[in-house]
Ligand SMILES: Nc1nc2c(ncn2[C@@H]2O[C@H](COP(=O)(O)OP(=O)(O)OP(=O)(O)O)[C@@H](O)[C@H]2O)c(=O)[nH]1
């Protein structure tokens, strides 16, 4: 009798799969958009400019048949300066812990950076799936077939999926393909958890997103946000943050006339943080100019790029 009960308890676990999935691709192919739609909530910032993802982000998707633990990676690209070495290290770290790799490419586009991302994935020896993203932009679907065929010849993919990261049904189809490729394992996280990131980390992400949104093409790539303090006082989240830029001219751009732009960034970020925490938020935001910030170990440490 007790044996039967044990067997009945075990059975659901035997069919359940779980593991880490690394999303890789060159900057701006849509990895963050895909991740946000996969987990059904905004975790990774997206912006219409390359290299907005600076950290590994764990997005968690729990389904009846499995739990997918997604690692978002900064886009693979050839770079310079210390910051870029840290980005590449973050990507390498994501790949080391992955059970499954997803190469994201733009429909009808193949560049040396895509080839580099594929090489990174192939070196790991894990099963690979390719996502051909932004198919909504391809007017003639007949042109997709030869592109997919060429891609199939470039690597041993378990599946190649043309999709639009913005479309929910396509994104669900991707999860259907990924789960069976994971090893049988119980879920490491509770089913309602969507990320392992702290509010402190999310706060920096939200400020960074507002910077991108409000400065657009004017924003220099080498801008960073650090959270200097994060406290809860009298039912209020008190956050102090600094935006670092490299040159005096950049500081003036971020500040705007009479500080108006910085105020705009701050108030939008505060609203987004209030929506996220469901509590009152006080946000103190400063801009500092530091010629060599991406060479400054203290700032890099605050950003999470520890050696
Ligand atoms: N038309 C179209 N645009 C998309 C799609 N997916 C993403 N985009 C857009 O492509 C741009 C880049 O998307 P992200 O998700 O930030 O790209 P990423 O690969 O994470 O970029 P990095 O953070 O730079 O590595 C954004 O403007 C997205 O809205 C899609 O399926 N169709």
Counted neighbours (other Cβ, 10 Å), sorted fewest up, put 229, 140 in the order 140, 229
For the stretch 199-302, what relative contact order do you get, as a whole percent, if you take Cα pairs closer than 8 Å and at least 6 residues apart?
30 percent
Work out, in µm²/s and without decimals, the Stokes-Einstein translational diffusion coefficient of the stretch 199-302 at 25 °C, 0.890 mPa s, Rh from Kirkwood over C-alpha pairs.
177 µm²/s
Between the modelled labels at residue 14 and residue 166 (7 Å from Cα along Cα→Cβ) the distance in nm is 4.6 nm
How big is the shadow of the Cα convex hull of the stretch 229-287, averaged over all directions, in nm²?
4.2 nm²
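Could you tell me what fraction of 2.2 N^0.38 Å the Cα radius of gyration of the stretch 104-220 comes to, as a two-decimal ratio?
1.31
Going by a ≥ b ≥ c, the root eigenvalues of the Cα gyration tensor, does the stretch 174-234 fall in the rounded group (a/c under 1.5), the prolate group (a/b larger than b/c) or the oblate group?
Note, shape of the stretch 174-234 comes out oblate.
Taken together, the values in this text are just the output of simple stated rules run on the coordinates, not laboratory data. Quick caveat, the model's predicted, so the values are computed rather than measured. All Cβ positions, glycine included, derive from the backbone under ideal geometry; neighbour counts span all protein chains shown.
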